1. Search the stretch 334-352 for residues that are over 19 Å from Ile273 (Cα atoms) and pair each with any residue that is in a loop (DSSP other than H, G, I, E, B) and among the basic types (Lys, Arg) when their beta-carbon atoms are under 9 Å apart and the residues are at least 6 apart or on different chains.
2. Among the residues of the stretch 346-356, which ones are at pLDDT below 85 and surrounded by 10 or more Cβ atoms within 10 Å (Cβ to Cβ)?
3. Could you please find all residues in the stretch 320-329 being part of a loop (DSSP other than H, G, I, E, B) and touching a Leu at 6+ places or on another chain (Cβ under 8 Å)?
4. Counting residues that are of a type in the set (Ser, Thr, Tyr) and over 19 Å from His143 (Cβ atoms), which helices (runs of 4 or more DSSP H) fully inside the stretch 207-305 reach at least 1?
5. So which residues in the stretch 286-322 are farther than 24 Å from Lys127 by Cβ and open to solvent by 40 Å² or more (accessible area, probe 1.4 Å)?
6. Taking the residues in the stretch 180-201 that are touching a residue at least 12 places away in the same chain (Cβ under 8 Å) and part of a loop (DSSP other than H, G, I, E, B) as candidates, determine which candidate is most open to solvent (accessible area, probe 1.4 Å).
7. Taking the stretch 262-277 only, how many residues are polar (S, T, N, Q) and open to solvent by less than 20 Å² (accessible area, probe 1.4 Å)?
8. Any residue at all in the stretch 86-99 that's assigned to a helix (DSSP H, G or I), modelled with pLDDT under 50, farther than 30 Å from Tyr345 by Cα and open to solvent by 30 Å² or more (accessible area, probe 1.4 Å)?
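The values are calculated or read from the model by the stated rules, or taken from the named source; none is laboratory data. This one's a predicted model, so the numbers in the text were calculated from it and none came from an experiment. Positions of Cβ are backbone-derived with ideal geometry, glycine not excepted, and every protein chain shown enters the neighbour counts. Side chains included, ligands, DNA and RNA excluded: accessible areas come from the protein's heavy atoms. Shrake-Rupley method; radii C 1.70, N 1.55, O 1.52, S 1.80 Å.
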Amino acid sequence: MLASQKLASRCLRCLVRCKSTTSIGSGSNSSRAKASVVAEQSLGIIGVPFAKGQGKQGVELAPDLLRQSNLRQVLQSSHDGLVIRDYGNLQYAVDETLLQQQRVHYHHIRNYADFMACNRALIEQVKLMLQQNSQFLAIGGDHAIGFGSVAGHLQHTPNLSLVWIDAHADINLHSTSQSGNIHGMPVSFLLEQLRTTWQHAGLNEIAPNCLPKDQLVYIGLRDIDPYEAFILNKFGIRYYAMDTIDRVGVPKIIEMTLDALNPQNKIHVSFDIDALDSNVAPSTGTAVRGGLTLREGISIVEALRDTKRVQGVDLVEINPKLGNERDVRTTVESGLEILKSMFGYRRSGHWSNIDTGILGSD
């Protein structure tokens, strides 16, 4: 058995154990959630082990692999005052209404009913976490979960900006996708200009708040389908592909991104690990060479963090079944470095909770 398969097997056993570990956010606690007081610096974490947005199994193991890799300790060490609540892994059930939508309207999309069921549950979970916490982190799973994560965030915080860091635009429509893989479509569910293309999905009921197209910024694109390029340019959506990043540099990209975002808005950062170059993130399902270096990825999330407006974060598409054990370890470590910097770690150093009188008085 390959080393990565052994690691994936261990993760699967943990996944089975962790599915029922959600201690906050169950139906019996919903009334308490509404009455709870949000801590000043608190982070809610939800694992979303969803793998049906694409065809490669293994990505569902990532939430528990990150936990096994000391996610909580890494985040806690990056921010001394951070209160962390882990809500376990999201669970969902597919109902007949969704199966009917799939059969009649979206049969050419793979696993549409599961996608909608998962994201409907995630929308409610995100709203719950933001009632109890100042920030949340959704760990995929594939990037199909970006719909529910952002849609739930929009319901709690309508004045929202989205930074989508990815090798892919993920804005295909059901009528333009060649693969039928719905992890390439989540952004199209979020924009008002594309709502009519999903007229049978009931979006006005489950996700009534849309993201303004001028509050969406892409960073790191380098594999854009023709129809996606057409949509991005038709609506004037800002996207900074790798050729632009190579030409002007990451500091300028950060400047242009922050200039584009409404300074009064909260920010959602959706980070696909394949935004990073495959040298530092090889264990992912749709790796594309020529991506961001780890240092560039860290610089981007540091700049967003320093706005003090980041309220929601996704980390998706780590797949422990792809590559050897070293590949998996490299990818997980890169993901943890991104999260560590997003939630407080400063490469320039910091001091808190120390005896500042150790050198005596001035």
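1. Correct list of pairs: empty, since none qualify.
2. Of everything in the stretch 346-356, just one residue is at pLDDT below 85 and surrounded by 10 or more Cβ atoms within 10 Å (Cβ to Cβ), namely His350.
3. Taking the stretch 320-329 and keeping what is part of a loop (DSSP other than H, G, I, E, B), we get 320-324.
Matches in the stretch 320-329: Pro320, Lys321, Asn324.
4. Fully inside the stretch 207-305 and qualifying: 242-248, 250-260, 294-305.
5. If the condition is that a residue be farther than 24 Å from Lys127 by Cβ and open to solvent by 40 Å² or more (accessible area, probe 1.4 Å), then Thr286, Ala287, Arg289, Gly290, Thr293, Leu294, Arg295, Glu296, Asp306, Lys321, Leu322 are the ones that fit.
6. Restricting attention to the stretch 180-201, the residues satisfying the condition of being touching a residue at least 12 places away in the same chain (Cβ under 8 Å) are 180-195, 197-198, 200-201.
Narrowing the set further to residues that are part of a loop (DSSP other than H, G, I, E, B) leaves 180-181, 185, 190, 200-201.
Values: Gly180: 6, Asn181: 28, Met185: 1, Leu190: 2, His200: 79, Ala201: 5 Å².
Top of the filtered list is His200.
7. Within the stretch 262-277, the subset polar (S, T, N, Q) is 262, 264-265, 270.
From what is left, the residues that are open to solvent by less than 20 Å² (accessible area, probe 1.4 Å) are 265, 270.
Adding up the residues that qualify gives 2.
8. Scanning the stretch 86-99 turns up no residue that is assigned to a helix (DSSP H, G or I), modelled with pLDDT under 50, farther than 30 Å from Tyr345 by Cα and open to solvent by 30 Å² or more (accessible area, probe 1.4 Å).
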